[in-house]
1. Highest mean first, how do 210-217, 40-47, 102-109 rank when packing is the count of other Cβ atoms within 10 Å averaged over residues?
2. Can you give the extra length, in nm with one decimal, that the chain gains between SER2 and ASP147 once fully stretched, where that is 0.36 nm per residue apart less the Cα-Cα distance?
3. What is the Cα centroid distance between segment 205-242 and segment 266-285, reported in whole angstrom?
4. If contacts are Cα pairs under 8 angstrom and at least 6 residues apart, what is the relative contact order of the chain in percent?
5. Please work out how much length the chain gains when fully extended from ALA219 to THR39, using 0.36 nm per residue of separation minus the C-alpha to C-alpha distance, in nm with one decimal.
6. Counting helices only, and only those DSSP H runs with n ≥ 4, report the 222 nm mean residue ellipticity of the chain as the sum of -39,500 (n - 2.57) divided by its residues, in deg cm²/dmol to the nearest 500.
7. About the Cα centre of segment 105-287, what is the dipole size in debye to 20, counting +1 per Lys and Arg Cβ and -1 per Asp and Glu Cβ, all else neutral?
8. Please report, as a whole percent, how much of the solvent-accessible surface of the chain comes from carbon and sulfur atoms (probe radius 1.4 Å).
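The values are calculated or read from the model by the stated rules, or taken from the named source; none is laboratory data. Given the structure is predicted, the values throughout are model-derived calculations rather than measurements. Cβ placement follows ideal geometry from the backbone for every residue including glycine, while neighbour counts extend to all protein chains displayed. Calculation scope for accessible area: heavy atoms of the full protein, side chains included, ligands and nucleic acids excluded. Shrake-Rupley method; radii C 1.70, N 1.55, O 1.52, S 1.80 Å.
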Amino acid sequence: MSRPRILVAIPVFAEVLARLGEHFDVDAPCGTDTTIDWTADSLAARLQGAAGVLVAGAPRIDAGLLDACPGLRAVCSMAVGYNNIDLPACTAAGVLVSNAPDVLTETTADFGFALMMAAARRITESEHFLRAGRWTHWSYDLFAGADVHGATLGVLGMGRIGQAIARRGKGGFGMKVLYHNRSRLDAAIEQQLGAQWVAKDELLQRADHLVIVVPYSAASHHLVGAAELALMKPTATLTNIARGGVVDDAALAQALRERRIAAAGLDVFEGEPAVHPGLLTVPNVVLTPHIASASLPTRRAMADLAATNLIAVLAIEGTPPTALNPEVLDRRS
Ligand code: 8YV
């Protein structure tokens, strides 16, 4: 019996490719270390005859691609955010979609916290100063930044990762935790986290350290722009580990340049891997290349989860553990 063919559209671990190879004819043009900048046409061409595809936060999977690839039955992502996948279009086309929640929560929260601390305590900026040979004397205010312990943490978007950041802030650093989310958490969870819901404007006004963890959608596009930045304290920091596009990067670069907020930590950018040139020239921002989930064990767990979903849907007719539209399978049976 012929085995289903799948495309692994991103580079992944050799062990994960080997595991997929036990069930599928695997087309893995990226191997373990090459990135392909897929266009809609090149991806559609490569997907001809494929029943499944393994992706991450890219490439884009939309109605046009689904039309061009009628044999596609599963799109499994190793990312938790799936704004690159048109979920309603996949559901309408009977294509199962899965993402990778939970396995990256703690690693991503660690990184968000690190970025927030680096911004508050001016770690990158001071390292550049030192490396440039400019450290000639001690001074009482040399790179004096903001305290994190005991400060007010503002979490914008209180899903799994937001909650993991809140736990770190409350438990490890004695922070006061405020949050804003479209839906409020259950009172019991709020109490457990020691987190208080406030309106978005109040969050912006009161946070000493704002951490943004909302999923990207049309509704969250430029959720933080010039008007929102204007509400923040001049001593505050902003950390974005959500998605590029949630923050208006041009407005943020200007606010940083004019010191309307003290500092920022950014792991995600509008139009990445391009970065707004204004952000590259201001000193008071810590910039990282979308690596919040990048510890080796976590990246492996993310890839394994995507593989498990693919195998469940296409090879063993099992239940994909993290399907986003499991109703598609009910319709098939
Ligand atoms: C991924 C992420 O590394 O899971 C997500 O949503 O943002 C990251 O963990 C990224 O999507 C890879 O493209």
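1. Going by the mean number of other Cβ atoms within 10 Å, highest first, we get 210-217, 102-109, 40-47.
2. 46.1 nm
3. Each part's Cα centre sits 15 Å from the other's.
4. Dividing the mean separation by the residue count of the chain yields 19 percent.
5. The span from ALA219 to THR39 would gain 62.2 nm if fully extended.
6. The helix contribution divided over the chain gives -10000 deg cm²/dmol.
7. 260
8. Whole-percent figure for carbon plus sulfur exposure: 55.
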